[in-house]
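A.B. asks: Okay, here's the structure, questions in a sec.
The values are calculated or read from the model by the stated rules, or taken from the named source; none is laboratory data. Fair warning: this is a prediction, and the values are worked out from it, not measured in the lab. Positions of Cβ are backbone-derived with ideal geometry, glycine not excepted, and every protein chain shown enters the neighbour counts.
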Amino acid sequence: MTDSQAQAGLKIGPIQLAPGITRVNFAALVYASIAANTLMSFINLIQPLILEEVLQIPGDRQGTVSGNLTFVSELAALLLLGYFGALSDKTGRRPIVVFGYVMLGVGYLLYPFMPDEYTLYASRAVFAIGVAAVSGMMATILNDYPAEQSRGKMMAIGGVASGAGGILMMAVAQLPSLFEKGGMTTPQAIQATLLSVFAACCVTALLLRMFLSPAQAVTTAEDPPLLTKLQQGVTAMRQPRISIAYASAFVARSDFVVVGTFFFLWYVQSASEAGMSSADATGRAGIIFAVMQVSALLSAPFVGVLIDRIDRLTALAICMAVVAIGYSGMGLVADPLSPIIWVAAVAVGIGMMSGFLASQALVGEAAAPKIRGSIIGLFGLSGAVGILFVTSTGGYIYDNWLRSGPFLLSGALATLIVISAILVRRRESRRAQSKEIEK
């Protein structure tokens, strides 16, 4: 490799990497993105089984309990995302993401052995520490590794890997049924499944410790303390694009959780009411979720190219419009067991991916590299606030009004982001025109 190539960074296909990032680091990032979606989302898929078969919580309370569990999880994340982001600007990303996967594993290890609803909340809080570390660092690393001109494409690679993780989760979702067929009771099958996932978390932590870039943030004698870095992330909200990025995280992250928390519960309850076993219903829900992920995976390259070719705020408006259409459509489905669910699943998958990529690319472009971890940590914190709002409100809507109501709520929030992005973009255009006239 020549000195100029080293200075520019390696190139893998259409992706121009940042200087110092190797092909092995890139491969580790792709693997970590696959693992993140599988290991952070699977808890929501298995949770209806635990509520129904292990804790035997009445069906008319399961929506509220599911919402509360996610609320507890995101409250813990809310307290930690900003801290982990600022800490990563000083220590580097790798130690935190490795720690995160270990904590995910501990959460899975505890989850099936909790004796009641309240201890389940405690184990979910442990899991949330891992979610805060992994989700914050994955978003930051995805923005660290590419050169600026390849940011949208790198987001698409991350999206494709995340979609692959969703497909992999379809296979993991079959484990309870397979263990049952092997002679285990349903509670034993759930425990065996989550012990298997615990092992996967530990292996992932080890691999990422070996192969992610060990690079630390560049520090100086005047490197500010953690609190100052957090304050810099808050001050950055004065920039309209960062404010919109934070607001888009409020919606985009909660969209993922609406699917994870309420779709599986909605489907499993409806299937059980129709006479299907809980384990089989969970497997069927996993297949539909895989359809969402395949749709997301196939749409990611097109969305990534779009993001790199047009203004990223304009791209956000377009992508959030797709979110609004997809989630509103799912919210209008009367029966999740009807064939229309497959069409709605495709629309939701495309919407999930579009909102995720556009919001990540916008914040990555707008964030100054020296405080990128802090800004993306607060970006994740905004997402956690969104999840707290959507899950608490969505749980009430689910139990007291409409099971598909949480999807309608997400569609309405995405519409507000579309309007806000258009207004900020128009204001920028007017300012640019005024400067041209002054010249």
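A.B. asks: Just one of Ser382, Ser392, Ser420, Ser410 is in contact with a Gly (Cβ under 7 Å, 6 or more places away or on another chain) and surrounded by 14 or more Cβ atoms within 10 Å (Cβ to Cβ); which is it?
C.D. replies: Just a single option satisfies the conditions, and that option is Ser392.
A.B. asks: When you scan the range 327-338, do you find a residue that is within 18 Å of Leu413 (Cα to Cα) and in a loop (DSSP other than H, G, I, E, B), even just one?
C.D. replies: Within the range 327-338, one or more residues are within 18 Å of Leu413 (Cα to Cα) and in a loop (DSSP other than H, G, I, E, B).
A.B. asks: Still on this structure, please answer the following. Would you call Ala36 crowded, with 24+ Cβ neighbours inside 10 Å and in contact (Cβ under 8 Å) with a residue 12 or more places away in the chain?
C.D. replies: It is true that Ala36 is crowded, with 24+ Cβ neighbours inside 10 Å and in contact (Cβ under 8 Å) with a residue 12 or more places away in the chain.
A.B. asks: What number of residues in the range 279-289 are modelled with pLDDT under 80 and either surrounded by 19 or more Cβ atoms within 10 Å (Cβ to Cβ) or under 22 Å from the mean Cα position of the chain (by Cα) (or both)?
C.D. replies: Number of matching residues: 4.
A.B. asks: Considering only residues that are of a type outside the set (A, V, I, L, M, F, W, C) and within 19 Å of Gly373 (Cβ to Cβ), look in the range 239-253 and name the one that is modelled with the lowest pLDDT.
C.D. replies: Arg253
A.B. asks: Going through Leu362, Leu413, Leu388, Leu381 one at a time, which residue ends up being under 18 Å from the mean Cα position of the chain (by Cα), farther than 15 Å from Val257 by Cβ and either polar (S, T, N, Q) or modelled with pLDDT of 75 or more (or both)?
C.D. replies: Details: Leu413 fails: farther than 15 Å from Val257 by Cβ; Leu388 fails: farther than 15 Å from Val257 by Cβ; Leu381 fails: farther than 15 Å from Val257 by Cβ.
Just one listed residue meets the conditions, Leu362.
A.B. asks: If you don't mind, there's one more thing I want to ask. Tell me yes or no: at least one residue of the range 143-154 is out of contact with any strand residue (DSSP E or B) (no Cβ under 6 Å at 6 or more places or on another chain), in contact (Cβ under 8 Å) with a residue 12 or more places away in the chain, part of a helix (DSSP H, G or I) and closer than 26 Å to Pro48 by Cα.
C.D. replies: There is no residue in the range 143-154 that is out of contact with any strand residue (DSSP E or B) (no Cβ under 6 Å at 6 or more places or on another chain), in contact (Cβ under 8 Å) with a residue 12 or more places away in the chain, part of a helix (DSSP H, G or I) and closer than 26 Å to Pro48 by Cα.
A.B. asks: Please go through the range 381-439 and pick out each residue that is in a helix (DSSP H, G or I), hydroxyl-bearing (Ser, Thr, Tyr) and touching a residue at least 12 places away in the same chain (Cβ under 8 Å).
C.D. replies: Across the range 381-439, the qualifying residues are Ser382, Thr391, Ser392, Thr393, Tyr396, Tyr398, Ser410, Thr415, Ser420.
A.B. asks: While we're on this one: What are the residues in the range 165-188 that are closer than 17 Å to Gly286 by Cα and out of contact with any Ser or Thr (no Cβ under 8 Å at 6 or more places or on another chain), if any?
C.D. replies: Ile167, Met170, Ala171, Gln174, Leu178
A.B. asks: When the range 43-84 is examined, which residues are found to be farther than 21 Å from Tyr396 by Cα and either of a type in the set (D, E, K, R) or in contact with a Pro (Cβ under 7 Å, 6 or more places away or on another chain) (or both)?
C.D. replies: Listed by number, the residues that qualify are Glu53, Val54.
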